[in-house]
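Below: the structure, in structure tokens.
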Amino acid sequence: MSFTEGVFYAFSAIMIMAALGVITARNPVHSALSLVLTFFATSAIWMLLEAEFLAITLVLVYVGAVMVLFLFVVMMLDINITRMREGFMRYVPFGIVIALILVVQMVMIVGPENFGLEQFAEPARHVADHSNTKELGRVLYTDYVYPFEIAAVILLVAIVAAISLTMRRRPETKYQTPGKQVMVKKEDRLRVVSMKAEEKEK
Amino acid sequence: MTLELLNYAVAWPEIFLLTMACVVLVADVYLDDENRNATYLLSQLTLLVTLVLIAVKATSASETVIAFNGTFVSDALGDVLKFFIVLIIAIVFVYSRDYLKDRNIFKGEFYVLGLFGVLGMMVMVSANHFLSLYLGLELLSLSLYAMVAFDRDNPNASEAAMKYFVLGAIASGMLLYGMSMIYGMTGSLNIAEVATAINQMGDTNIVLIFGLVFMVIGLAFKLGAVPFHMWIPDVYHGAPTTVTSYIASAPKIAGFAMVMRLLAEGMGGLQADWQGMLVILAVLSMAIGNVIAIAQTNLKRMLAYSTISHVGFILLGILAANNDGYSAAMFYTLTYALMSVGGFGMIILLARAGLEAENLDDFKGLNQRSPWYAFMMLILMFSMAGVPPTVGFWAKLAVLKAVIDIDMLWLALVAVFFSIIGVYYYLRVVKLMYFDDPVDETPIEKSRDMQIALSANGLAILVLGLYPAALMSLCVSVFS
């Protein structure tokens with residue numbers, strides 16, 4: 001087993017363990033942290049595929065930004081785990097059967113007999129100063145400009161959807177407007193009522 | 001690469017729609033609630049101009065053009081489907097206004113998301129690449145998830161949106177996994193290149209079949225074919241009725257386009273494999289859809305199960321895997337979208353502030369309240385059941401003929417058997433309208449444009465049933 005193979009299997013094992021951890025951990029914070037580990041192991045495997053730019057982006061964007069935000073949200077929310085796990089055990093046998101069938105199928109099909117070196121030649125290694133970023137940039141705005149634009153529209157829709165679902169103007173909420181408070185005059189607030197003085201009871 | 005290679009002129013309708021959707025989005029921010037009508041009118045104007053652009057493009061240049069470096073295809077099939085998608089969403093928008101106003105959710109986001117959804121459908125219809133197909137699908141789905149959850153104070157809608165989102169994400173995952181398998185084997189994401197690669201490899205390649213299975217599962221989820229139909233009744237029921245009419249109509253046309261692009265164009269070489277899968281899906285959909293619909297007392301749920309059975313019929317046409325079958329399925333899809341939008345339009349017509357009018361009992365004695373709309377509902381129900389002289393009859397006939405032509409007589413018999421079961425629940429609505437006494441005597445008050453559109457919708461189904469030749473020949477010409 002060569003060094004790269006060793007690295008590949010090590011990171012693959014970490015990735016699978018961490019992915020299992022995401023769905024089995026009792027504590028949502030642990031789940032989120034396992035997901036971070038999954039992303040990290042994935043990016044290491046991408047690095048082996050010479051996809052350096054994507055590997056670094058995955059760490060920077062997902063691990064660095066998205067997951068940290070996610071952790072914050074998880075910590076803010078009071079998630080009742082026992083209620084979420086209601087009915088979980090009932091579906092476990094069914095889920096395991098489906099998962100087993102899928103795994104067996106994948107082992108049978110995504111193996112060396114279909115994707116081995118006899119079927120697909122090993123891709124040529126790039127030289128050390130080969131720029132991954134430049135290559136991506138070259139096709140992103142030319143060959144793939146149409147999918148790129150649609151992806152941009154999808155992000156726009158996500159923003160519109162998120163804002164329209166969460167932003168509320170509550171008319172019943174009371175808040176202060178200092179500008180108006182300063183402008184208030186005595187006449188606006190105070191009304192002097194002239195009353196007859198009460199007579200002393202006899 | 002030069003700009004000429006992009007060939008972007010064939011995408012004018014999409015470009016215009018995207019630009020205008022952004023304009024509507026920005027303009028809506030500056031409008032007060034009293035002027036919200038302007039958003040509506042601007043959205044309708046956008047759809048109208050898009051419709052004209054599609055028609056102009058279809059009549060001026062009907063030959064197949066590949067654009068944007070093979071990610072976009074402009075052909076006769078795409079033009080016709082896009083025309084109907086835009087037309088049907090324009091009808092949905094007409095129906096939506098009063099309903100949304102009654103519920104205090106007459107907001108610009110509905111129209112903005114609706115326009116983006118139309119863009120997603122148009123991208124799907126013209127996809128010539130797995131990537132653009134998937135992105136179009138996600139654009140549509142994301143808009144739909146948000147539209148279902150749009151009525152925030154309604155817990156049913158939130159639940160429906162959550163279910164739709166989770167199941168939709170699983171379906172997208174399935175579809176992507178299938179695509180990645182096909183990509184691994186063929187080395188291309190371009191649908192035309194995938195088709196040639198598959199033809200060279202033959203239909204015994206196990207990896208291709210493995211990928212195909214995942215893709216068919218993804219497609220079945222999105223179309224709502226049994227056994228991947230669980231989300232349909234809950235989403236149709238939980239969503240605001242205007243959103244239901246959106247989901248139930250035009251996205252089915254886009255779904256048909258997706259099946260055509262992936263299975264018929266991309267994986268024609270594996271036809272023997274997917275034909276068998278579609279047979280199973282079609283038979284199960286017709287059986288479960290028609291039988292469970294009988295037990296429903298809620299009209300939206302009933303129409304949801306009826307959708308499932310209609311999807312079964314559409315799949316019948318596609319699995320015939322020849323031009324007759326494809327044109328029959330296309331005719332069925334287009335007319336079904338028209339019937340569906342009319343059916344939910346009737347629910348919207350009877351709904352008012354504080355009443356959803358979604359139960360079968362709400363239709364009791366409609367004939368005494370309004371003979372004209374009872375007649376419209378009668379046409380719609382007859383058409384869904386497939387009773388002549390409505391257009392639903394011709395759609396079913398064309399599909400059954402295509403199935404018989406490929407020597408699958410048993411399948412045609414099964415289809416007829418289950419559609420006869422289906423007639424029961426459609427006729428039950430007619431019985432309630434004509435032979436029962438109304439429980440609710442409130443007069444029907446809806447704005448004039450909605451009344452005209454709904455009447456035109458109902459009459460179109462009757463007129464198309466009397467003169468089906470024009471639409472039928474259009475569907476045939478697309479595939480010849």
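Each Cα pair of the protein assembly as shown feeds into the Kirkwood radius, which the Stokes-Einstein equation turns, at 37 °C and 0.692 mPa s, into a diffusion coefficient of 119 µm²/s.
Region B:234-281 and region B:300-358 have Cα centres spaced 12 Å apart. Taking a ≥ b ≥ c as the square roots of the eigenvalues of the Cα gyration tensor of chain A, is the shape rounded (a/c under 1.5), prolate (a/b larger than b/c) or oblate? Prolate shape, in that a/c is at least 1.5 and a/b is the bigger ratio. Summing +1 for each Lys or Arg and -1 for each Asp or Glu, what net charge is found among the other residues whose Cβ lies under 12 Å from the Cβ of B:VAL148? Net charge around B:VAL148: -1. Centroid-to-centroid, using Cα positions, region B:42-64 and region B:377-406 are 29 Å apart. Using the Kyte-Doolittle scale, find the helices of chain A whose mean hydropathy is at least 0.0 and whose Cα atoms extend 15 Å or more along the helix's long axis, counting only whole DSSP H runs. Qualifying helices, which must be both long enough and hydrophobic enough, are A:3-24, A:28-48, A:88-109, A:145-166.
Candidate cross-link partners of B:LYS446 among the lysines, defined by an alpha-carbon separation under 17 Å and a same-chain spacing of 8 or more, comprise B:LYS101. In terms of other Cβ atoms within 10 Å, B:LEU360, B:LEU212 run from fewest to most in the order B:LEU360, B:LEU212.
For chain B, what does the relative contact order come out to in percent, with C-alpha contacts under 8 Å and a separation of six or more?
With pairs under 8 Å counted, the relative contact order is 14 percent.
Each Lys and Arg adds +1 at its Cβ and each Asp and Glu adds -1 at its Cβ; summed about the Cα centre, the protein assembly as shown shows a dipole of about 2060 debye.
When a/c reaches 1.5 or more, the comparison of a/b and b/c decides; with that in mind, is region B:19-85 rounded, prolate or oblate per its Cα gyration tensor? Prolate, because a/c is 1.5 or more and a/b exceeds b/c. Calculated mean residue ellipticity at 222 nm for the protein assembly as shown: -23500 deg cm²/dmol, from DSSP H runs with n ≥ 4 weighted as -39500 (n - 2.57), summed, divided by the residue count and rounded to 500.
Only aspartates and glutamates eight or more places from B:LYS252 in sequence, or on another chain, were considered; none has a Cα closer than 14 Å. Where is the GNM fluctuation largest for chain A (alpha-carbon springs, 10 angstrom cutoff): A:MET75, A:MET89, A:MET15? Highest fluctuation among the options: A:MET89. For region B:268-280, putting each phi into the Karplus relation 6.51 cos²θ - 1.76 cosθ + 1.60 with θ = phi - 60° gives couplings of x, x, 9, 3, 4, 6, 6, 4, x, 5, 5, 4, 4 Hz, in residue order, rounded to whole numbers and with x for Gly and Pro. Going by a ≥ b ≥ c, the root eigenvalues of the Cα gyration tensor, does chain B fall in the rounded group (a/c under 1.5), the prolate group (a/b larger than b/c) or the oblate group? Note, shape of chain B comes out oblate. Taking Lys and Arg as +1 and Asp and Glu as -1, the other residues whose beta-carbon sits under 14 Å from that of B:MET20 total -2. Averaging the sequence gap over all C-alpha pairs within less than 8 Å and six or more residues apart, then dividing by the number of residues, gives region B:323-456 a relative contact order of 36 percent. Take every Cα pair under 8 Å whose residues are at least 6 apart in sequence, average their separation, divide by the length of region B:272-394, and the relative contact order is 19 percent. Considering the dipole of region A:123-196 built from charges on the beta carbon (Lys and Arg +1, Asp and Glu -1) around the Cα centre, which of A:ILE159, A:THR173, A:HIS126 is farthest to its positive end? Positive-most Cα among the choices belongs to A:THR173.
Past 26 Å, Cα to Cα: identify those pairs from B:LYS222/B:LYS396; B:LYS82/B:LYS163; B:LYS300/B:LYS364; B:LYS107/B:LYS163; B:LYS364/B:LYS401, in the order given.
As for pairs spanning more than 26 Å Cα to Cα, those are B:LYS82/B:LYS163; B:LYS364/B:LYS401.
Read the figures in this text as sums done on the coordinates, not as results from a lab. These figures come from a predicted structure and were not determined experimentally. Cβ: placed from backbone, ideal geometry, glycine included. Neighbour counts: every protein chain shown.
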